[in-house]
Amino acid sequence: MNTINICNGPSGASRLIMGCMRMPALSVDDAAKMIQTAYDLGINYYDHATCYGNGDAELRFGEAFKKTGIKREDIFIQSKCGLNFVDNIFDWRRDSIIEAVDGILSRLQMEYLDVLLLHRPDLLFEPEQVAEAFDKLEAAGKVKTFGVSNTMPMQIELLKKFVKQPLKINQLQLSLEQSQLIDQDLYMNNKTTDMSLMRDGGTLCYSRLNDITIQAWSPLQQGMFGGMFIDNEDFPELNKVLGELGEKYGVSKSAIAVAWILRHPAKMQVITGTMNPVHLSEMVDADKVELTHEEWYRLYLASGKFLP
Ligand SMILES: NC(=O)c1ccc[n+]([C@@H]2O[C@H](COP(=O)([O-])OP(=O)(O)OC[C@H]3O[C@@H](n4cnc5c(N)ncnc54)[C@H](OP(=O)(O)O)[C@@H]3O)[C@@H](O)[C@H]2O)c1
């Protein structure tokens, strides 16, 4: 699989990431099979968060990973903290971040994280506290690379005033049917559609300007976990075009949906969520597809947009 360098490092990360949010539903043996399948397909990057299954995803991964033949140093492990569903708070306090990483490492049974992301902004965040936490985690060798998720440009600027480590990643929602990250750049100043609303402070251009790698989450979902748009009768035109392009390239509709994200010049990574080895192998075919400029727009329009 093609790889990318995430803003000067870590280098050699696969463009597809295996998301582990849905891993708690698997047995340890099935989780091991999923991890190994992904690796054999060329995926060397695994995404976690403390809140996935309230820690169960990391726990299951840690147990399962030992059953695979994969060496720790051959993969990238990423997790996220700061979203606390137990107490219903967002939490970027210094000690909470440090304790969260200790919990992650203990559940994963690993010595270090390749990447730590702050999951979603804590409205009460103090950047000085984040900076102290990152310094401690880096000095202890527990985290190599830092980033954010669902975070706006001005919040990143505020963090950067105090945090000395480069913030190399922003994990954001993007799919053909949840594409506001892209829409707002097209419909700007258009009063006839809500798609013109700038909902994220210009995150797409900001990321490109600042060499921040966007990781697109939920690439097959409509709305916020509204279900898949693939083979969904509510999206006939999109499925027609996905099918036609799938036939042209000899891949599945899901691969074309992922290829649509990979085709964007921002050089994004895509986080898959399937826990089915067959579905994963179908999606990985996206790596072989280079959609034309025209095909990219054809898919965009088929997903219910219009050219202003
Ligand atoms: N930063 C954030 O705030 C945030 C939020 C949400 C998610 N994430 C990350 O993004 C990852 C992906 O999210 P997601 O799970 O919503 O992504 P997704 O890939 O859009 O959706 C996966 C779901 O689609 C189902 N599916 C059904 N048919 C499929 C097919 N033919 N091919 C592929 N999938 C099919 C899968 O079921 P099967 O298992 O049966 O295939 C699974 O339930 C998560 O694991 C997590 O790492 C991040």
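The values are calculated or read from the model by the stated rules, or taken from the named source; none is laboratory data. Predicted, not measured: the structure shown is a model, and the values here were computed from it. Here the Cβ positions follow ideal geometry from the backbone for every residue, glycine too, while neighbour counts run over all protein chains shown. Ligands, DNA and RNA are stripped out before the accessible areas are found, and what is left, the full protein with its side chains, is counted by its heavy atoms. Shrake-Rupley method; radii C 1.70, N 1.55, O 1.52, S 1.80 Å.
Brief remarks follow.
- Cα-based Rg of the stretch 158-199 normalised by 2.2 N^0.38 Å, two decimals: 1.60
- Principal semi-axes in Å for the chain [√(5λ), Cα gyration tensor, largest first]: 30, 25, 17
- Summarising the overall dimensions of the stretch 3-173 from its C-alpha atoms, the Rg and Dmax are 15.3, 45 angstrom.
- Shape of the stretch 95-174, Cα gyration tensor, a/c cut at 1.5: prolate
- Compactness of the stretch 226-301, taken as the C-alpha radius of gyration over 2.2 N^0.38 Å, stands at 1.04.
- Of all lysines in the structure, those lying under 30 Å Cα to Cα from residue 305, and not within fewer than 8 positions of it along the same chain, are 191, 240, 248, 253, 267, 288.
- Overall, the anisotropy analysis places the stretch 1-91 in the oblate class: the square-rooted eigenvalues a ≥ b ≥ c of its C-alpha gyration tensor yield a/c not less than 1.5, with a/b not exceeding b/c.
- Extension gain, residue 1 to residue 27, is 6.6 nm, computed as 0.36 nm per intervening residue step minus the present C-alpha separation.
- Separation of alpha-carbon centers, the stretch 260-308 and the stretch 107-177, rounded to whole Å: 27
- DSSP assigns beta bridges within the chain; of those with both partners inside it, close to 20 percent run antiparallel.
- Per residue, the chain exposes an accessible area of 44 Å² to a 1.4 Å probe, with every protein chain left in place.
- Dipole check for the stretch 3-173: with +1 at the C-beta of Lys and Arg, -1 at the C-beta of Asp and Glu, and the Cα centre as origin, the magnitude is about 400 Debye.
- The chain: calculated mean residue ellipticity at 222 nm from DSSP helix runs of at least 4, using -39500 (n - 2.57): -11000 deg cm²/dmol
- Surface composition of the stretch 98-208: carbon and sulfur make up 53 percent of the accessible area, probe 1.4 Å.
- Overall form of the stretch 219-263 per C-alpha gyration tensor (a/c, 1.5; a/b vs b/c): oblate
- Full extension of the chain segment joining residue 301 with residue 71 gains 78.5 nm, where the gain is 0.36 nm per residue of separation less the Cα-Cα distance.
- Among the GluC sites (Glu not before Pro) in the stretch 167-262, those placed in a DSSP loop whose Cβ has at most 14 other Cβ atoms within 10 Å are 233.
- GNM result for the chain, Cα springs below 10 Å: residue of 161, 240, 67 fluctuating most strongly: 161
- Accessible surface comparison of 206, 46, probe 1.4 Å, protein chains only, largest first: the order is 206, 46.
- Take 143-155, 96-108, 121-133 and order them by the average number of nearby Cβ atoms within 10 Å per residue, most first; the result is 143-155, 96-108, 121-133.
- Nearest-10 value in Å² for the accessible area of residue 92, using the 1.4 Å probe: 0
- In summary, the helical segments of the chain meeting the span-like criteria, namely a full DSSP H run, a Cα extent along the axis of 15 angstrom or more and a mean Kyte-Doolittle hydropathy of at least 0.0, are 94-108.
- Share antiparallel - DSSP beta bridges, the stretch 3-173, percent rounded to 5: 20
- Summing Lys and Arg as +1 and Asp and Glu as -1 over all other residues whose Cβ lies under 15 Å from the Cβ of residue 92 gives a net charge of -2.
- Lys/Arg +1, Asp/Glu -1 at C-beta; the chain dipole; positive extreme among 141, 57, 188: 141
- Pairwise Lys count, the stretch 3-173 - Cα closer than 14 Å, eight or more residues apart or different chains: 10
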